[in-house]
1. Taking only the alpha-carbon atoms of segment 240-361, what semi-axes of the equivalent ellipsoid follow from 5 times the gyration tensor eigenvalues under a square root, in whole Å, largest first?
2. Given Cβ point charges of +1 (Lys, Arg) and -1 (Asp, Glu) and nothing else, what value in debye, to the nearest 20, does the dipole of segment 101-229 about its Cα centre take?
3. Which semi-axis lengths, in whole Å and largest first, follow from the square roots of five times the eigenvalues of the Cα gyration tensor of segment 1-143?
4. Can you tell me the length gained on complete extension of the stretch Ala160 to Ser45, counting 0.36 nm per residue apart and subtracting the Cα distance?
5. Just to confirm a number: summing +1 for Lys and Arg and -1 for Asp and Glu over residues other than Trp117 whose beta-carbon lies under 12 angstrom from that of Trp117, what do you get?
6. About the Cα centre, and with charges only on the beta carbon of Lys, Arg (+1) and Asp, Glu (-1), how big is the dipole of segment 268-325? Nearest 20 debye, please.
7. Take the Cα atoms of segment 109-262, build their convex hull, and give its volume per residue in Å³.
8. Return the single residue from Ala115, Ala242, Ala192 with maximal mean-square fluctuation; model: Gaussian network over the chain, springs between Cα atoms under 10 Å.
Amino acid sequence: MSQQLKPETNAAQALGIVDNETQAVVPPVSHATTYIRAEDNSYPSGNVYARADNPTFKPAEALLTKLEQGADAMLFSSGMAAAMAVFKALKPGDHVLIPRVMYWSLRNWICDHMANWGLQIDVVDMSDLAAISAAIRPGITRLIWLETPGNPLWTQSDIAEIAALAKPHNIIVAVDSTIGTPVHTQPLTLGADIVMHSATKYLNGHSDVISGTLICKQNDALWQRIRTIRAHEGSVPGPQDASLLLRGMRTLFLRVKHSSASALYLAEQLQQDPRVSEVLYPGLPSFSGHDIACKQMQGGFGGMLSIRVKGGEQAAIATAARVKLWKRATSLGGVESLIEHRASVEGEGTPVPTDLLRLSVGIEDPDDLLNDLLQALDSNA
């Protein structure tokens, strides 16, 4: 029946899974690390060892596969572990393209460690199709990694157009869709081969689980290499985390839609404030990637925005220091609203302006959030 239901219903009911033994509407948590072989030496349950898999993962992976309209999904111990597995599945000498604007820790890891692995890496403006086309090396380029919206400038990459550039060269297109979430974007339906989420963020939504996931369009040889990497490294979440992730995903659509509506409201209000020099949010018609966002984001533009504070770096840091409701903390996508001066976090070489504050909009009343920002900006007048 889930084939006929809307994504909101599938998420709320976790595909309607009921435990066969207890008839519980919440799937049980299995803490087992090893599983019994049958007399013929097979594993009738399909489970071998917890470093590779756990039955507690299955409901969350099934729901993610359905929401992203993919062929299969895997949970990982973190978003970084999920992303790293894709790059580790490549071979020395392969050429990859990564965005100029992306999650800073992953970009640093790729440039520092995967270069030593033997990958050839080019950093490209993924909003520029001509630049992407020029950077492709036929027969050598193996992967184009996208992040859209791109953290924390919220740049837009046209997934369908980039996939069209990649396909004639048999290039894999992988998309970090952490910010878009399955609520607003399904990259696999737009031509991508793999979609990645830091499940720590919106999928879980409560700032109490570290996890990541990959979902594939085809269960092919590359996907099996990624699965082998996960098994060998043991980069899987604990069973309790997997259960909490599934619980969080049941309210995914409610949380993300509320956060997106509040973020748009805040963006519209703050762009009129004389103490703010620029608001970066895909839902604003003035935003450079607005047309692409309208093309590939459905029902909203996400719960993340950034503001540039007049007065420069010190004014931005001072504004963050004066908030009372927003929490000064790293991460995003939780029910609580967070504010952060990203340039301080990313350090030398960051593309982030020093006057920028990143805002993760939670599910609080949007007027309360706005009033707190306005009082924090007050001393910058």
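Nothing in this text is a laboratory measurement; each read-out follows from the coordinates by a stated rule. Everything quoted here is computed from the prediction, not taken from an experiment. So basically every Cβ, Gly included, is an ideal-geometry build from the backbone, and we count neighbours across all protein chains shown.
1. On the way: eigenvalues 124, 74, 37 Å².
After scaling each eigenvalue by five and taking roots: 25, 19, 14 Å.
2. On the way: 8 positive and 11 negative charges, 76 e Å.
Dipole size: approximately 360 debye.
3. Working: eigenvalues 287, 94, 36 Å².
Ellipsoid half-lengths, sorted descending, are 38, 22, 13 Å.
4. Numbers: separation 115, 0.36 × 115 = 41.40 nm, distance 3.93 nm.
Full-extension gain reported as 37.5 nm.
5. Values: positive: Lys88, Lys91; negative: Asp94, Asp112.
Neighbourhood net charge equals 0.
6. Working: 6 positive and 5 negative charges, 42 e Å.
Approximately 200 debye in magnitude.
7. Values: hull volume 21.0 nm³, N = 154.
Output value, Cα hull per residue: 136 Å³.
8. Comparing Ala115, Ala242, Ala192 in a Gaussian network model of the chain, the most mobile one is Ala115.
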